[in-house]
1. Which residues, counting only those in the range 146-164, are farther than 27 Å from residue 26 by Cβ and surrounded by 15 or more Cβ atoms within 10 Å (Cβ to Cβ)?
2. Do we find a residue being more than 26 Å from the chain's Cα centre (by Cα) and in contact (Cβ under 8 Å) with a residue 40 or more places away in the chain anywhere in the range 88-99?
3. Please enumerate the residues belonging to the range 160-187 that are touching a helix residue (DSSP H, G or I) at 6+ places or on another chain (Cβ under 9 Å), more than 18 Å from residue 316 (Cβ to Cβ) and part of a helix (DSSP H, G or I).
4. Within the bounds of the range 297-317, is there any residue that is part of a helix (DSSP H, G or I), buried (at least 16 other Cβ atoms within 10 Å of the Cβ) and either touching a residue at least 12 places away in the same chain (Cβ under 8 Å) or under 18 Å from the mean Cα position of the chain (by Cα) (or both)?
5. Taking the conditions exactly as written (surrounded by fewer than 17 Cβ atoms within 10 Å (Cβ to Cβ) and at pLDDT below 95), does residue 204 satisfy them or not?
6. Take residue 193 and decide whether it is within 27 Å of residue 143 (Cβ to Cβ) and outside any helix (DSSP H, G or I).
7. Within the range 113-136, does at least one residue satisfy the condition of being under 13 Å from residue 28 (Cα atoms) and in contact (Cβ under 8 Å) with a residue 60 or more places away in the chain?
8. Is one or more of the residues making up the range 197-208 in contact with a strand residue (DSSP E or B) (Cβ under 6 Å, 6 or more places away or on another chain) and either within 18 Å of residue 266 (Cα to Cα) or assigned to a strand (DSSP E or B) (or both)?
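The values are calculated or read from the model by the stated rules, or taken from the named source; none is laboratory data. Everything numeric in this text was worked out from a predicted model, so none of it was measured. Glycine gets a Cβ as well: all are built from the backbone with ideal geometry, and neighbour counts include every protein chain shown.
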């Protein structure tokens with residue numbers, strides 16, 4: 001899953017944009033993950049708000065928007081800008097670190113090291129390409145493409161192609177496109193696929209061939225163009241729809257494919273569908289009802305607080321039933 005995620009376009013795009021910029025600054029430059037999470041949560045909540053926000057006080061009524069963020073919203077609404085961001089943008093080091101971390105494969109530590117060595121722009125990065133690892137070279141090569149959001153129409157085309165290839169390979173494969181796409185988003189940052197097969201369970205030996213066969217099939221038809229990494233259970237790479245039969249030019253996109261044991265699959269689908277806030281609420285509800293829930297399993301908690309054996313799960317609805325919560329369709333899980 002790519003590092004670059006952003007809330008969907010909304011009536012309050014100006015506010016969510018500055019919150020995301022502040023979040024990235026706190027993570028990439030200050031390494032203040034708690035502040036990063038706070039800004040991201042506020043941006044996510046505000047992006048779903050169905051009205052144009054007219055004051056910080058109005059925003060503060062939303063869960064995840066505190067007094068300090070409300071003050072920044074008031075400043076932005078009054079002046080159209082934010083002093084803190086203006087100062088950050090004037091700081092060459094901060095701006096350069098933020099830019100370099102937008103290249104997939106370059107984290108905050110690597111970006112800081114590059115900046116200390118005088119590498120501050122993408123052109124600078126191209127001059128020292130020999131210092132980049134394979135992942136970073138691919139990130140630089142397709143930087144402009146990866147910056148572009150993927151329209152839902154394109155996501156649907158990719159989903160159709162992938163599921164068709166799975167069916168040809170082996171009808172017993174199960175594949176689900178997760179992330180914001182599954183929640184009904186109009187655009188996505190990348191394509192995240194969860195894959196399973198009845199032959200593969202948490203009790204069986206690793207079965208990398210199940211993953212590799214899918215990757216090779218998608219490479220053979222020209223859909224997967226580059227590999228970032230390929231392990232036993234996870235593939236990270238680049239894909240592109242064929243533009244020859246279309247009037248529209250398709251860009252290169254980031255793609256991740258995870259192979260998950262069949263008995264853990266629906267806990268994984270629930271988790272990777274999100275949203276983050278929804279997942280936190282699900283985990284909290286599970287604890288209240290005497291269970292522990294994660295991306296692998298749901299397990300009952302004993303009187304000592306120790307989790308027991310994983311419960312059987314054959315659908316997402318099973319998880320909702322265990323914690324006695326009404327099932328929510330993916331499109332209802334954005335908060």
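1. Result: 152, 154, 155, 157, 158, 159, 161, 162, 163.
2. Yes - at least one qualifying residue is present in the range 88-99.
3. 161, 162, 165, 166, 168, 169
4. Yes, some residue in the range 297-317 is part of a helix (DSSP H, G or I), buried (at least 16 other Cβ atoms within 10 Å of the Cβ) and either touching a residue at least 12 places away in the same chain (Cβ under 8 Å) or under 18 Å from the mean Cα position of the chain (by Cα) (or both).
5. Against the criterion (surrounded by fewer than 17 Cβ atoms within 10 Å (Cβ to Cβ) and at pLDDT below 95), residue 204 qualifies.
6. It is true that residue 193 is within 27 Å of residue 143 (Cβ to Cβ) and outside any helix (DSSP H, G or I).
7. No - not one qualifying residue is present in the range 113-136.
8. no
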